[in-house]
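Report on the structure given below.
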Amino acid sequence: MEKPIIQIQNMGKTFKTANGLVKALDQINLDICQGEIFGIIGLSGAGKSTLVRCINYLEVPTEGQVLFEGESLAEMTPIQQRKTRQGMGMIFQQFNLLAQRNVIRNVCFPLELAKVPKKEAGKRAMELLKTVGLEDKAKAYPAQLSGGQKQRVAIARALATNPKVILCDEATSALDPNTTKSILGLLKEINRTMGVTVIVITHEMAVIEAICDRVAIIDQSRIAEVGTVSEIFSEPKSRIGRQLILGDAIKRVNFSGARQIRIIFDGRESSEPVISNLVLACKVPINIMYAATKDIGGTAMGQMIIQLPEGETEAARVIHYLKNVKIPFEEVTEDDI
């Protein structure tokens, strides 16, 4: 693993409101490595957007610290903080383009703030518009663009100052599925070709699945768990992780009657017919109570709950088979979900 480019240490954020103090973040510890695509996912109100704004000090943490390339933002002067912030581009859900400026002048805006000469800024902006596939829209205004085109302009603008990190705060939430797919593909390509570290804030597991290397799940202002996408998808350890990945449908599983086991898919080939092989080998019927599996890069990730045969001998045969072929599983009750 590459060395961390961002380190968050014991970070907390408390807001003063009319109803008293509200703790938005509590004891956040994260290392985000150079060159990775790191996802932060949680439900609404979990603290995701506050976390991303604390990373670049748009919000100043109440406690703890953020280190960028080993340097603490808390110990920097305001001028040093602004310079460091130029190394962290940001993309928002609502694009935040300047309506009175055309596309190329929107991309030039951060370069103007950085006092880059006009001719050099224009050249850089056109290069970036070509990167995001919008060189033919340089003179258009935001009102003339689709949502996907606006977000591509926002990505070009975020890249203008050659940042080492891009922060994406719900960057695809306002887009339709096809446009979302193209924007995520663009971010992945930028990460691959430019080596830019990408931090993705989202409430959608499909976004994490599509492009992230690692993911942190935030719940009620705290980090519930962190791991590679394959680890979290195959065996989420927190209750919120299971809820986000398995969804609400699992709550409808009926646990009355026969024993249930959870089969964990953690990297077997997607083409392997696990349940069919089990049925053929054990010669017993299997009732699939719930399934949430995904094909990630040709491997199966996720979980499945099956009902064991009522007879002890048949149930023992199924368990013996799973152990023999080294398929991870565990017996579950309603309290485990």
Could you list all residues from segment 7-19 that are of a type in the set (A, V, I, L, M) and either touching a residue at least 24 places away in the same chain (Cβ under 8 Å) or in a helix (DSSP H, G or I) (or both)?
ILE8, MET11
Residue in segment 245-261 that is modelled with pLDDT under 80, open to solvent by less than 70 Å² (accessible area, probe 1.4 Å) and charged (D, E, K, R) present
no
Looking at (1) at pLDDT 90 or above; (2) within 25 Å of ILE55 (Cβ to Cβ); (3) open to solvent by 10 Å² or more (accessible area, probe 1.4 Å), can you tell me which one MET126 breaks?
(2)
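Residue by residue, here is whether (1) open to solvent by less than 20 Å² (accessible area, probe 1.4 Å); (2) among the small types (Gly, Ala, Ser); (3) assigned to a helix (DSSP H, G or I); (4) out of contact with any strand residue (DSSP E or B) (no Cβ under 8 Å at 6 or more places or on another chain) holds:
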site	(1), (2), (3), (4)
ALA300	yes, yes, no, no
ILE306	yes, no, no, no
GLU310	no, no, no, yes
THR313	no, no, yes, yes
ALA316	no, yes, yes, yes
HIS320	no, no, yes, yes
LYS323	no, no, yes, yes
GLU330	no, no, no, no
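May I ask you to say which residue of GLU36, GLU59 is acidic (Asp, Glu), at pLDDT below 90, out of contact with any His (no Cβ under 6 Å at 6 or more places or on another chain) and open to solvent by less than 80 Å² (accessible area, probe 1.4 Å)? Before the answer, list the steps.
Details: GLU36 fails: at pLDDT below 90.
Step by step, each of GLU36, GLU59 is checked, and only GLU59 is acidic (Asp, Glu), at pLDDT below 90, out of contact with any His (no Cβ under 6 Å at 6 or more places or on another chain) and open to solvent by less than 80 Å² (accessible area, probe 1.4 Å).
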List the number of the failed condition for VAL284; all other conditions in (1) closer than 27 Å to GLU209 by Cβ; (2) touching a helix residue (DSSP H, G or I) at 6+ places or on another chain (Cβ under 8 Å); (3) open to solvent by less than 30 Å² (accessible area, probe 1.4 Å) hold.
(1)
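The values are calculated or read from the model by the stated rules, or taken from the named source; none is laboratory data. Quantities reported herein were computed from a predicted structural model and do not represent experimental measurements. Neighbour counts are summed over all protein chains in view; Cβ atoms, including those assigned to glycine, are modelled from backbone coordinates with ideal geometry. The protein model used for the area step is the full one, side chains on, heavy atoms only, and it has no ligands, DNA or RNA in it. Shrake-Rupley method; radii C 1.70, N 1.55, O 1.52, S 1.80 Å.
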